[in-house]
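Report on one structure; see the data block that follows.
The values are calculated or read from the model by the stated rules, or taken from the named source; none is laboratory data. Worth saying up front: this structure is predicted, and the values here are computed from it rather than measured. Heads up, the Cβs are rebuilt from the backbone with ideal geometry, glycines too, and the neighbour counts pull from every protein chain shown.
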Amino acid sequence: MKALIAYGTRYGSTTDIANRMGKILKKNGMDVTIINLDKEKISDISMFDFVIVGSGIAIGKWTKRSLKFLNRFESDLAKKKVALFVSCGDAKNPDKHEDAKKRYLEKITQDHPSIKPVKLGLFGGVIDLTRVGFLTRSMLKAASKEMEKDGIDVNKRNDFRDWKEIEGWTRGLVGQR
């Protein structure tokens, strides 16, 4: 089975997730191609049996390239096994988890009704305010009290990815063949 993992990322957190998924799928006998949609173009997905599309979430949105991929290949994806995942800060917060799933995954499936994902994945991401510009950092620091309630330290890199969860979710895709 040939699988494609196509994803968008802003700061690299989703790249790490896609690469880990790829290793697991390869160990389970799949031929895997991983494409960072922000750096590479893809013009044809006909050779893939399974397509996993992912995105980092920033300011409540999927990356532009991930959305363009879904829009461009929607009719092709409707004929394939598809899984969708996102990496975002809200995933780790039990109070925000369900809302994040609705906003970032279920909304995407509603916006692309011909795509019927076999699985949806909502994973924690990395929040690193030391890597954003001055203006963004200033705006976010103004909201730092709220962020601190969510366990985010605005002065350091916060990694909320649960690798066991990501690996388990990916192993579950193997059974979807």
One residue from Gly89, Gly54, Gly133 being at pLDDT 95 or above and not charged (D, E, K, R): Gly54
Asn93 within 17 Å of Ile35 (Cβ to Cβ) and assigned by TED's automatic domain parsing to the domain that holds Asp38: no
Note down all Cβ pairs under 6 Å where the first residue falls in the range 46-73 and is on the phi < 0 side of the Ramachandran plot, the second is in a loop (DSSP other than H, G, I, E, B) and polar (S, T, N, Q), and they're at least six residues apart or on different chains. Ser55/Thr63; Gly56/Thr9
Just the residues that are surrounded by 18 or more Cβ atoms within 10 Å (Cβ to Cβ) and basic (Lys, Arg), please, taken from the range 11-66. Arg65
